[in-house]
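Participant: Please see the structure below; I have some questions.
The values are calculated or read from the model by the stated rules, or taken from the named source; none is laboratory data. Because the structure is predicted, anything quoted here is derived from the model rather than measured. Here Cβ is always computed from backbone atoms with ideal geometry, including for glycine, and neighbour counts include all displayed protein chains. Surface areas here come from the heavy atoms of the whole protein model, side chains and all, with no ligands, DNA or RNA. Shrake-Rupley method; radii C 1.70, N 1.55, O 1.52, S 1.80 Å.
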Amino acid sequence: MPKLIDVVILLFVAYSADGACVSPTATTAIGTKAPSPGSFCSGDLIFEDNFDTFDHSKWFHDQTMAGGGNDEFQWYVHDRENSFTSGGILHLKPTFTADLFGESFLTSGRVTIPPADCTDSSNGGCDRQGTANYIIHPIRSALVKTSESFSFKFGTLEIRAKNPTGDWLWPALWLMPKNRVYGGWPASGEIDLMESRGNPALYDGNVNVGTEQFGSTLHFGPRWDVNGYQTAHYSKNQSPGFNEGFHVYKVHWTPTSLQFFVDNVLVGTVNAGTGFWARGGFSWTGLSNPWINGTIMAPFDQEFYIIMNTAVGGTNSYFPERFENRNGDKPWLNSSGTSKRDFWRGRTQWEPTWHRTTDKSHFQVDYVRVWAL
């Protein structure tokens, strides 16, 4: 495992009422000199990676089998087989666990991730014994994030990426709060810049909800089962799909709104209005407003960090039974309790769509850039 950096700088840019640049505040590690006052101003590029190499001082890996809160089918690993750069492109590649450890490992093997390395212990995320019905996660994949190196509040984030092709793949570009100031998910918010499905022929009625569609969403609410995302969700469809080339995904984040773009075309705008408690219509719940002492932008008035990943499957509503997959039926039921086993047993149907001898199933990222507001 590569040695983590021993120098970390986190920046926040403040502004005066007339828009003049004001001295940034900085948190620095031992041996690092803080930026000089006024060194970052509105419009300045404050984070950039062009992936000429894999920079471990910027990107940190999840290592867990927790399933991302959605009972997903991937085991996130820190392995250059699953996350690497080539020709100035970052690849987040799904692979078969059985290719590395053998088929029998899924039903009889055990995975134990050391506590110092495991990033999420929930749902057996650090220690799992495979059985005939409760198999080890059949896919190894990657999630990288700037949680230990960079976070920001307000500004413009731009990511140029090419989505993967392959049934039941779930690529995502998103942000999570550095500090959960307002409480556990989703009280402290989540910003989904781009989520998509890798199925080339997945339909909801006559609408392709696979590779020809992506969504941008905000998650917010006073409790895990009370979420106002429906009021802050936008999707865009196009043919050829978003897996057929690179596209620029952008969010412009201000103290009063977030705007989502693809290739400089506006996808949707979320205005704070009188606040997200009112936007979500949460008064009926009888719960306390976690943002009562925040700004009208709360919970999106705190620093967030960047996440990029390739997930697979899951038993939440992202791959519901009502979707029609014209390459073959969905091989698992979300309510079965044996979803990973059933997904793996159905691989003769979905494996050909991954084109595993090529890079089509890889989530590919050309660059990540952040500008100060």
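Participant: Kindly indicate whether Thr254 is among the hydroxyl-bearing types (Ser, Thr, Tyr) and buried (at least 20 other Cβ atoms within 10 Å of the Cβ).
Facilitator: Values: among the hydroxyl-bearing types (Ser, Thr, Tyr): yes; buried (at least 20 other Cβ atoms within 10 Å of the Cβ): no.
So Thr254 fails the test.
Participant: Pairs please, first residue from region 240-266 and closer than 17 Å to Asp359 by Cβ, second anywhere and hydrophobic (A, V, I, L, M, F, W, C) and at pLDDT 95 or above, Cβ atoms under 6 Å, 6+ apart in sequence or on different chains.
Facilitator: Within 6 Å, the pairs are Phe242/Phe214; His247/Val262.
Residue-by-condition table, conditions (1) over 30 Å from Ala372 (Cα atoms); (2) crowded, with 22+ Cβ neighbours inside 10 Å; (3) in contact with a Pro (Cβ under 6 Å, 6 or more places away or on another chain):
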{"site": "Ala298", "(1), (2), (3)": "no, yes, no"}
{"site": "Asp301", "(1), (2), (3)": "no, no, no"}
{"site": "Thr315", "(1), (2), (3)": "yes, no, no"}
{"site": "Arg322", "(1), (2), (3)": "yes, no, no"}
{"site": "Arg326", "(1), (2), (3)": "yes, no, no"}
{"site": "Asp329", "(1), (2), (3)": "yes, no, no"}
{"site": "Gly337", "(1), (2), (3)": "yes, no, no"}
{"site": "Trp344", "(1), (2), (3)": "yes, yes, yes"}
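Participant: While we're here: Among the listed residues Arg160, Arg180, which satisfies the condition of being touching a residue at least 60 places away in the same chain (Cβ under 8 Å), more than 28 Å from Glu324 (Cα to Cα) and either open to solvent by 30 Å² or more (accessible area, probe 1.4 Å) or charged (D, E, K, R) (or both)?
Facilitator: Details: Arg180 fails: touching a residue at least 60 places away in the same chain (Cβ under 8 Å).
Only one candidate passes the filter, namely Arg160.
Participant: Name the residue that is nearest to the chain's Cα centre (by Cα), counting only residues in region 124-175 that are over 30 Å from Glu48 (Cβ atoms) and of a type in the set (Gly, Ala, Ser).
Facilitator: Here is the first cut: in region 124-175, the residues over 30 Å from Glu48 (Cβ atoms) are 124-139, 167-168.
Next cut, of a type in the set (Gly, Ala, Ser) only: 124-125, 130, 132.
On the way: Gly124: 21, Gly125: 18, Gly130: 27, Ala132: 30 Å.
Here the answer is Gly125.
Participant: Inside region 346-368, can you point out the residues that are closer than 30 Å to Phe47 by Cβ and open to solvent by 60 Å² or more (accessible area, probe 1.4 Å)? Step through it out loud before you land on a result.
Facilitator: So the first thing to find is which residues in region 346-368 are closer than 30 Å to Phe47 by Cβ, and the list is 359-368.
Within region 346-368, Asp359, Lys360 meet the criteria.
Participant: Would you check if there is a residue in region 198-206 being at pLDDT 95 or above, under 18 Å from Phe261 (Cα atoms) and either aromatic (Phe, Trp, Tyr) or touching a strand residue (DSSP E or B) at 6+ places or on another chain (Cβ under 6 Å) (or both)? Working first, answer last.
Facilitator: Initial filter on region 198-206 (at pLDDT 95 or above): 198-206.
Next, from what is left, pick out any that are under 18 Å from Phe261 (Cα atoms): none.
No, there is no match, as no residue in region 198-206 is at pLDDT 95 or above, under 18 Å from Phe261 (Cα atoms) and either aromatic (Phe, Trp, Tyr) or touching a strand residue (DSSP E or B) at 6+ places or on another chain (Cβ under 6 Å) (or both).
Participant: I would also like to ask the following. Let me spell it out: the conditions are (1) more than 20 Å from Glu81 (Cα to Cα); (2) more than 24 Å from the chain's Cα centre (by Cα), and Phe300 meets all of them except one. Which number is the exception?
Facilitator: Unmet for Phe300, out of (1) more than 20 Å from Glu81 (Cα to Cα); (2) more than 24 Å from the chain's Cα centre (by Cα): (2).
Participant: Give me a count of the residues in region 205-234 that are open to solvent by less than 70 Å² (accessible area, probe 1.4 Å) and without any contact (Cβ under 8 Å) to a residue 24 or more places away in the chain.
Facilitator: 2
Participant: Return yes or no: is Leu333 over 30 Å from Phe84 (Cβ atoms), touching a strand residue (DSSP E or B) at 6+ places or on another chain (Cβ under 9 Å) and not aromatic (Phe, Trp, Tyr)? Reasoning before the result, please.
Facilitator: On the way: over 30 Å from Phe84 (Cβ atoms): yes; touching a strand residue (DSSP E or B) at 6+ places or on another chain (Cβ under 9 Å): no; not aromatic (Phe, Trp, Tyr): yes.
For Leu333, the condition - over 30 Å from Phe84 (Cβ atoms), touching a strand residue (DSSP E or B) at 6+ places or on another chain (Cβ under 9 Å) and not aromatic (Phe, Trp, Tyr) - is not met.
Participant: Within region 247-272, which residues are among the small types (Gly, Ala, Ser) and under 12 Å from Gly215 (Cα atoms)? Show your work before the answer.
Facilitator: Of the residues in region 247-272, the ones among the small types (Gly, Ala, Ser) are 257, 268, 272.
Correct list: Gly268 only.
Participant: OK, next. Under 6 Å between Cβ atoms, which residue pairs at least 6 apart in sequence (or on different chains) link something in region 316-331 that is farther than 9 Å from Tyr203 by Cα with a partner that is among the small types (Gly, Ala, Ser)?
Facilitator: Qualifying pairs under 6 Å: Asn327/Ala201; Pro331/Gly346.
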